[in-house]
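The values are calculated or read from the model by the stated rules, or taken from the named source; none is laboratory data. Just so it is clear, the model here is predicted, and its values are computed rather than measured. Here Cβ is always computed from backbone atoms with ideal geometry, including for glycine, and neighbour counts include all displayed protein chains.
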Amino acid sequence: MSAPLDDIASYSGFVYALRERHPFITGSTLTLAPIGATLAKLEGRIDCQNGIHLEVWELVDFAARSIRTYSYEVYREEEKLCWYDPWEHPEIPALATTFPHHKHVLPNLREHRVPAPGIGFRSPNLDVVLEDVRRELLQRS
C-alpha cells in the first residue's frame, strides 16, 4: 500500500477522504491538480461546523515524497483566527522545536507565532490542522 505522498493517486485518496475522518467537515472545494510530471497543487476550502473554514494551499513534490510549501488559514466567517506556514524565523528561539513550521495566533496574528507540532514537509498536514480546529475552535464553540 502506498503512503499518501508517494504519488498523486495516493494523495488524492487521502485528501478526498478527509470528510470521512473528520465528521465536523460540512463541505470542501479542495482540488488536487498536477502541474508537472511529479508536482501537484492542492488548493481550496474546507468548511466546518459553526462557521469555521480552512483555506488550503500546498505544493506537493511526489518525486521527493514531500510537501514543498504550504499555507493553511483558519477563519470564523470572515475573521482570520490563525494560520500555519513554514516561513523561517530563526530569530525567534521559541519556534526552534518545530522550525520552520509555526502557527500565527491571536491577538496579533502577524507577530504572535507559536510552534506547530505535527506540521512538516514529510507527511500530510491536514489531519493535524483539522484536529487543532476541532480541539481549539469547535469544542469551545
> When the residues of segment 1-40 are filtered to those that are surrounded by fewer than 16 Cβ atoms within 10 Å (Cβ to Cβ) and part of a strand (DSSP E or B), which remaining residue is nearest to the chain's Cα centre (by Cα)?
Replying inline: 31
>> Looking at 65, 76, 45, 122 in this structure, which one is among the basic types (Lys, Arg), farther than 19 Å from residue 26 by Cα and touching a strand residue (DSSP E or B) at 6+ places or on another chain (Cβ under 7 Å)?
In response: 122
> So which residues in segment 82-112 are closer than 21 Å to residue 54 by Cα, charged (D, E, K, R) and either in a loop (DSSP other than H, G, I, E, B) or at pLDDT below 95 (or both)?
Replying inline: 110, 111
> Is there a residue being closer than 20 Å to residue 130 by Cα, in a helix (DSSP H, G or I) and either of a type in the set (Phe, Trp, Tyr) or without any contact (Cβ under 8 Å) to a residue 60 or more places away in the chain (or both) anywhere in segment 49-71?
Replying inline: yes
